[in-house]
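One structure is given here, and the rest of the page talks about it.
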Amino acid sequence: MRIISTKNYNEASARAADLIAAQILVKPDSVLGLATGSTPIGTYKELVKKYNNSELSFSEVSTINLDEYVGLGHDDEQSYYHFMMENLHNKTDIDKNNVYLPNGLAENIDDECIRYEELAEDLGIDIQLLGIGLNGHVGFNEPSDFIENYTYKVELTQSTIEANKRFFKKAEDVPKEAITMGIGTIMRAKKLVLLITGENKAEILDQALFGPITPQVPASLIRMHPDLTVIADNPALKLVSKII
Ligand code: GLP
């Protein structure tokens, strides 16, 4: 595990974008594993900036996202599909046929999970960007006694519903289920980049990076990955100043 510490959110976003851009430069047809939430928005802005400055092209890139809410379609403003289009894909030259997210409206969600897992395997993720939930979730892998190896349907915890209600009109609108890559799916990516910013993530950062490796803190499991880069800003690192 490498830890890159940055002064603030903007610098963390720039560093994450540099890593993704480097991946695309060395392999123009890279497969990017992408994440949603507020944390990666700055990274996507930086990538769009690089595209606009002609430093980068997404024309041969494919992307596959970690997760999607069950019950939300592409047109739903709260869907992760919509989020990705708004924050990144509509602003680059990516071929939209190469953009993949789980289908939250699939008739049979279990079949959709199998289809998505096979897709992730066929594509082969070169670099996976990750955020972290306040309870330590990655993608939508919630704290649990078990490690899920493949894409699956998950019941969201109350704390995740609480944390994500800010994106919805009211808490009742937050879907109760999601399709998410399993920890195993994430671990099979060639490189992982975990982005952690803000003082409200300080406690969970400390647990995930320095506490016991346990499915009760799903992000702690990815420390077992041989190529993990953590990019964290100083507010998020405030409880671990000893390592800086
Ligand atoms: C959601 C996503 C996660 C993300 C998390 C944190 O639950 N499924 O992939 O890491 O939110 O979001 P934020 O970056 O807004 O704190």
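A short reminder: the numbers here are calculations on the coordinates, not readings from a lab. Quick caveat: nothing in here was measured; it's all calculated off a predicted structure. Heads up, the Cβs are rebuilt from the backbone with ideal geometry, glycines too, and the neighbour counts pull from every protein chain shown.
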When averaged across all projection directions, what area in nm² does the alpha-carbon convex hull of the chain cover?
12.2
Counting Lys and Arg as +1 and Asp and Glu as -1 over every other residue whose Cβ sits under 12 Å from the Cβ of V138, the net charge comes to -2
Formal net charge of residues neighbouring P235 (Cβ-Cβ distance under 14 Å; K, R +1; D, E -1):
-2
Quick check for me: using +1 on Lys/Arg Cβ and -1 on Asp/Glu Cβ, what's the dipole size of region 121-244 about its Cα centre, in debye to the nearest 20?
280
Could you tell me the relative contact order of the chain? Use alpha-carbon pairs under 8 Å, at least six residues apart, and round to a whole percent.
25
Only four residue types carry charge here, +1 at the Cβ of Lys and Arg and -1 at the Cβ of Asp and Glu. Report the dipole size of the chain about the Cα centre in Debye, rounded to the nearest 20.
1160
Semi-axes (Å, rounded, descending) of the ellipsoid equivalent to region 1-60 per its C-alpha gyration tensor are 19, 13, 11
Between N103, N234, N200, which gets the highest mean-square fluctuation from a Gaussian network model of the chain, Cα cutoff 10 Å?
N200
For K91, counting only aspartates and glutamates whose alpha-carbon sits under 13 Å away and dropping same-chain residues fewer than eight positions off, the answer is E46
Loop sites in region 164-235: GluC sites (Glu not before Pro), DSSP, at most 11 other Cβ within 10 Å:
none
Could you sort out which of K96/K191; K169/K191; K27/K238; K7/K49 sit more than 31 Å apart by Cα distance in this structure?
K169/K191; K27/K238
Find out how many positive minus negative residues lie around S62, taking Lys and Arg as positive, Asp and Glu as negative, among other residues whose Cβ is under 9 Å from that of S62.
-3
Can you give me the Cα centroid spacing of region 38-66 and region 76-123 in angstrom?
16
Taking the beta-carbon count within 10 Å as an exposure proxy, list R223, R166 from fewest neighbours to most.
R166, R223
Per the C-alpha gyration tensor (a ≥ b ≥ c, the square roots of its eigenvalues), region 102-142 is rounded if a/c is under 1.5, else prolate if a/b beats b/c, else oblate; here it's oblate
Testing the spin-label approximation: label points 7 Å from Cα along Cα→Cβ at V240 and D111. State their distance in nm.
4.3
Calculated P(r) tail over 19 Å for region 169-244, as whole % of Cα pairs:
46
